[in-house]
Amino acid sequence: MSEIPDHYLWLENLEDPRVVEWFSKRDKASRELLKGVAAKLRPRIERYYSIPYALMVRTSRKGHLVLLRDGRKFRIKLIGSDGSTEELIDSTELGKDVVLQWVFASHEGDRFGFSYSFGGSDEGIFKVVETRSGEVLDELTGIIGGAVWLGKDRYFYIRFYQKGKTPDGVASPAERVFLREDGKDEMVFGKGIPTSHFIMLKKSTQDSKALLAVSYGWTRSDVYAGKLKDPESWRLVYGKGDFIVWPVDYVDRRCLAASFDKGGMGRILAIRENGEADEVVGEQSYPLQEAVVAEIKIVATYLSNASSILKIFGLDKTELEEIHPQPPGTIDSLDSNGKECVFRYESFFVPYRVYVLEKGRLKVLDSAEIQRHFEVEDLWVESKDSTRIHAFKVRKKDGRTRGVLAYSYGGFGIALTPRYYPFVIPFLEDGGTFVVANIRGGKELGEDWHRKGMREKKQNVFDDFMAVLEFFKQKGSRVVSAGNSNGGLLVGAVLTQRPELLDGALIGYPVLDMLRFHKLHIGKAWVPEYGDPDNPKDAEFLIKYSPYHNMIKKEYPPTMFYTGLHDDRVHPAHAFKFAAKLEEVGQSCLLRVETKSGHSGATPLTKLEEYADIMAFVYKTLRINES
């Protein structure tokens, strides 16, 4: 394919004063236009956004670590085995604009590690802290993950190379495993693993084995295992095929692994040291999400109609119990210390519950709830090729619909399940309808559902979402569609293909230029999902839907872009260039550029301001008079 002129290439240089002037002018005008409605909405949104919200939970023999967003800060607390609570970390004490990203506990619980960044960048700081005293024992910078302790002063960690090369000379993006000891680092695993491959590391609950997964994209991975303290013993256990597999645990001299090598729903195998694999848990009629071992039982989560269920199995292949949390919601952050397991749950109107499963009993350790005045319905529509598409329809009980806000994602095997969206609740109170669509590209119906929305099949994703939008338009509703990141690509594609289905478009932190995404930030990592623009065959199907390349002179609905200068994952130029193209064809749009936000989020105060402006756009577009 011949080189296509790009008149807005200059907007990719965020250091260019012309670019700063260009986006600053539009940002100022957009905020000015929205500020009246945003000012009224902000305290109403803050009422729900300030309720504590658990981001993840990790367990140890000492207790359970919970990472929370709480009011205008983040914090980490320890829930002891006796039910006591101890505050460990307060983000406001770490500096300005701090965003806590994740937390890991040592097996004994005597120390823990946590990662944070400034303004939502992926790149940040990792600290190791002694739990009892609060003393900082070690500190690393960069993008650090997967900490596994070997003792008090030794641990493995994964370093992500966002730019440059790995120590063994492989170009970024890439990951390597290091041993950290006495302030020194030694690369111990990953030598020669190519670009765009990623590593997951954990240890068995019995402390004897290291368990790893090496993945390429979101459809292929291999499992490695070996003696915990001897990286040279880490060997391939299962994989080398066109399927996903990840480690669960190591029990009775067998490596347990979740493999999606059959129908794509996921089964659990017990792999012996000679390589022979026995099926312990067969494929279910719905997709496997997470699995751990506790009390010599397998605890696994699955999705049924895009909501989580919990199933418990014996290692002798027997199914022991099935649990359906109420209301239907999302279970994630499943973790085990061998004796008990913990997980996080949320739903549209439940900010969070932290559960512990011990001796076969499920108990709520911690929670935050709100009063329910709303209802959730299951909606089914037919896509262009007659595929049935599920969506959640959320609204006030017995309320008249005053417009629809439809949200979806459709990519990377990410399932959209019931989540707590605090910024949407005032909209529901005012009669709005919120729709979350489970379209292809996600994993709501298994790996096959994901693959039918990848690469040359990406148009299925757009067709699925357009079918949901069309359902509401045919009923006479005004509709705003919304999507972030890959979801921004989704909304951009709908905008350029079927603008008549939209009364407004919200496009956040988006991927929109499908011929240059691999040249911006870590975009090369997405080639397995989207295709390679440098490959002529892939470029043919990419340019057919690339929103940036399919903008023509015609009437488009009101559009708002929002992005952040700290986004070091999806370059803000995607939003800038697409906005410039819209202006070129005679259409005005709003562009909101946050100086203290990135793809990993922002401080609660910064996100609150962003959400107020986003919902102000929704209210103005749907003509809802904020009460």
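The values are calculated or read from the model by the stated rules, or taken from the named source; none is laboratory data. These numbers were taken from a predicted model, which means no experiment stands behind them. Ideal geometry is used to build each Cβ from the backbone, glycine not excepted, and the neighbour counts take in all protein chains shown. Each accessible area value is taken on the protein alone, full model and side chains, heavy atoms only, with ligands, DNA and RNA left out. Shrake-Rupley method; radii C 1.70, N 1.55, O 1.52, S 1.80 Å.
Overview of results
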read-out: For ALA294, distant residues with modelled amide H under 5 Å away; value: VAL299
read-out: Hydrodynamic radius of the stretch 470-627 per Kirkwood, over alpha carbon pairs, in Å; value: 16.2
read-out: All Cα pairs of the stretch 197-344, percent lying beyond 22 Å; value: 36
read-out: Rounded Å value of the spacing that divides the Cα centres of the stretch 397-467 and the stretch 3-51; value: 24
read-out: Stretch gain in nm, segment ARG372-GLU584, where the contour uses 0.36 nm per residue and the Cα spacing is subtracted; value: 71.7 nm
read-out: Lys/Arg +1, Asp/Glu -1 at C-beta; the stretch 368-410 dipole; positive extreme among TYR407, HIS373, HIS390; value: HIS373
read-out: Axial C-alpha extent at least 24 Å, average Kyte-Doolittle at least 0.0 - helices from the chain (DSSP); value: 604-622
read-out: Value of D in µm² per second that Stokes-Einstein yields for the stretch 60-107, Kirkwood Rh from Cα pairs, at 37 °C (0.692 mPa s); value: 288
read-out: Cα-centred dipole magnitude for the stretch 382-525, charges only on beta-carbon of K, R (+1) and D, E (-1), debye, nearest 20; value: 120
read-out: Cα Rg over Rh - the stretch 124-249, Kirkwood; value: 0.97
read-out: Value of D in µm² per second that Stokes-Einstein yields for the stretch 184-241, Kirkwood Rh from Cα pairs, at 25 °C (0.890 mPa s); value: 204
read-out: Kirkwood Rh and Cα Rg combined as Rg over Rh, evaluated for the chain; value: 0.95
read-out: Accessible-area composition of the stretch 304-370, carbon plus sulfur, in percent [1.4 Å probe]; value: 45
read-out: Solvent-accessible area, 1.4 Å probe, carbon plus sulfur percent, for the stretch 402-505; value: 48
read-out: Accessible surface, the stretch 502-627, averaged per residue in Å² (probe 1.4 Å); value: 31
read-out: Coarse-grained scattering of the stretch 499-583 at q = 0.21 Å⁻¹, given as base-10 log I(q)/I(0) from a Debye sum over alpha-carbon atoms; value: -1.04
read-out: Rounded percent of accessible protein surface that carbon and sulfur make up, the stretch 100-169, 1.4 Å probe; value: 48
read-out: Stokes-Einstein D in µm²/s, Kirkwood radius over Cα pairs - the stretch 345-504 at 10 °C with 1.306 mPa s viscosity; value: 96
read-out: Anchor LYS396: aspartates and glutamates whose Cα lies under 12 Å away (excluding residues fewer than 8 positions away in-chain); value: GLU375, GLU377, GLU429, ASP430
read-out: Heavy-atom accessible area per residue - the stretch 378-451, 1.4 Å, Å²; value: 33
read-out: Average accessible surface area per residue within the stretch 290-348, 1.4 Å rolling probe, Å²; value: 32
read-out: Distance between the stretch 194-267 and the stretch 269-296 - C-alpha centres, whole angstrom; value: 12
